[in-house]
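Report on one structure; see the data block that follows.
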C-alpha cells in the first residue's frame, strides 16, 4: 500500500519539482494554488458559455454556472495582493520576468474572451460570466505586478532607463 503522507512537510516546508524545499507560504507555492483554483473556475465558466439558453435551468451554481461568490472571491484575492505591496498608479511596462510576462499574456487572452462574449447569445445579461472575466483580468494584472516585485518601480512608464 502506498502511503500518501511523508511527514516531510511537518516543518512548514514543501518540496519543489526536481528538488529543494521552500516554506509552504512562499510566493510561488501560493501562486500555484491560486492558479489551480482559477483553472477550475474557468471550467465552470466554459460550461456556462457552452450551454444553450433553453438549457440554462440545468446548470448548477459553482459547478457549471458562475456565481456572484466566484466573482467575490476574485475581488478578495485582488484585495489580498493589494495589501502586500503598493499597486502602481501609472502605466506599467509588462514583462519584467517570465512569470509576470506569462500572467500578462493570460490577461490579454482573458480580455479577448471578454470582448468575444459581449454579444454572445448563450450568455444572458444576468450571467456572472462577464463580471468574472473582468475581475479575472484585474487579478491577473495584480498577480503580474506582484511577481515583478522589487523591479516594479523601474518598470513604470516614464521612470528608469528607456522611459520617455
Query raised in the report: Counting only residues that are without any contact (Cβ under 8 Å) to a residue 60 or more places away in the chain and in a loop (DSSP other than H, G, I, E, B), how many does region 96-129 have?
Result: 6
Query - So residue 92, is it crowded, with 16+ Cβ neighbours inside 10 Å, touching a residue at least 40 places away in the same chain (Cβ under 8 Å), closer than 30 Å to residue 65 by Cβ and over 12 Å from the mean Cα position of the chain (by Cα) - result: no
Report summary line: Checked 90, 48 against criteria (more than 19 Å from residue 35 (Cα to Cα) and assigned to a helix (DSSP H, G or I)); the one match is 48
Query raised in the report: So which of 80, 52 ends up being farther than 15 Å from residue 132 by Cβ, modelled with pLDDT under 95 and under 22 Å from the mean Cα position of the chain (by Cα)?
Result: 80
Report summary line: Only one of (1) outside any helix (DSSP H, G or I); (2) modelled with pLDDT under 85 does not apply to residue 63, and that is (2)
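The values are calculated or read from the model by the stated rules, or taken from the named source; none is laboratory data. Quick caveat, the model's predicted, so the values are computed rather than measured. No Cβ is skipped: glycine too gets one built from the backbone with ideal geometry, and neighbour counts run over all protein chains shown.
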